[in-house]
Every structure is written in C-alpha cells, then in structure tokens.
Amino acid sequence: MKLIIALLLVAVAVADRSARIRNYQYGIEEDGSYEAKYETTNGIKVSEDGISYPGNVPESGNYVRSGSYSYEWEGVTYTVTWTADENGFHPVGDHLPDFSHTREHIGSVSDHE
C-alpha cells in the first residue's frame, strides 16, 4: 500500500516539478481496513480505501480495494474510479474504453482455477 502511494507521489513530481502535496491523510484500522487521500497543488486528487481478508494459510488472502483519482489536462478534468480484488484491477472513466464485456466473456479468476 505504501509503495503504491510512493509511486503515485513520484509520478506527480515527475509530471509537474512545481507541484506540492496540499493535503495528505492516511489511516489504518484494527480490522485491517485503511483509507488514504491526497491532493496536490496542481489539482490532482486521489482517494483509496480497502480491507485485507486473510487466507487460511500464511502469505495468502486478498485485499479488496477501491478508489478514484482525477487530474486536469488542457482544461478538461479526467476522473477514474476503480476497484481491485482477486479478479484484477477494474478502472472506469468517461475517457477510457469500456472493457466490461471482456470480463464477462473471460469470466473471473475462480472460473479458471
């Protein structure tokens, strides 16, 4: 989780060297759930939350996560909402192609185990 946030912060710095973190919030609960948010001075907004579901054996289990990010490019604000779970990463945005039919065609991970 912290690696993802660090990578996002690096991406922001590379994209606009004058951008600074305006607001950053992160919290983790005893049940393994967390919430993270940040906003930069160049208008990027990111939020994410999730929970860990431990497996029956060590080093197994799953995170179920969701979030969104938005940024402005040439006067247009782009927003992506997403979920990530045992079936992969699923982004949705008006500017992104719709691949939902592909997931329906392929099925879920559990269908192929």
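The values are calculated or read from the model by the stated rules, or taken from the named source; none is laboratory data. The structure displayed is predicted, hence computed values, not measured ones. Positions of Cβ are generated from backbone atoms using ideal geometry, with glycine treated the same way; all protein chains shown enter the neighbour counts. Protein only, heavy atoms only, side chains kept; ligands, DNA and RNA dropped before computing areas. Shrake-Rupley method; radii C 1.70, N 1.55, O 1.52, S 1.80 Å.
Are there any pairs with C-beta distances below 6 angstrom linking a residue in the range 21-41 that is hydroxyl-bearing (Ser, Thr, Tyr) to a residue that is surrounded by 10 or more Cβ atoms within 10 Å (Cβ to Cβ) and in a loop (DSSP other than H, G, I, E, B), with the two at least 6 apart or on different chains, and if so which?
Cβ pairs passing all conditions: 40/19; 41/19; 41/20.
Return a yes/no flag: does the range 47-66 have any residue that is among the aliphatic types (A, V, I, L, M), touching a residue at least 24 places away in the same chain (Cβ under 8 Å) and either open to solvent by less than 70 Å² (accessible area, probe 1.4 Å) or not in a strand (DSSP E or B) (or both). Give the derivation first.
From the range 47-66, those among the aliphatic types (A, V, I, L, M) are 51, 57, 64; that's our starting set.
Those still in the list that are touching a residue at least 24 places away in the same chain (Cβ under 8 Å) too: none.
Within the range 47-66, not a single residue is among the aliphatic types (A, V, I, L, M), touching a residue at least 24 places away in the same chain (Cβ under 8 Å) and either open to solvent by less than 70 Å² (accessible area, probe 1.4 Å) or not in a strand (DSSP E or B) (or both).
Tell me which of these residue 46 doesn't satisfy, since it passes every other one: (1) in contact with an Asp or Glu (Cβ under 8 Å, 6 or more places away or on another chain); (2) of a type in the set (A, V, I, L, M, F, W, C); (3) modelled with pLDDT under 90.
Only one criterion is unmet by residue 46, namely (3).
Please verify whether residue 95 is modelled with pLDDT under 90, open to solvent by 100 Å² or more (accessible area, probe 1.4 Å), outside any strand (DSSP E or B) and not β-branched (Val, Ile, Thr), treating the condition exactly as stated.
Numbers: modelled with pLDDT under 90: yes; open to solvent by 100 Å² or more (accessible area, probe 1.4 Å): no; outside any strand (DSSP E or B): yes; not β-branched (Val, Ile, Thr): yes.
No: the conditions fail for residue 95.
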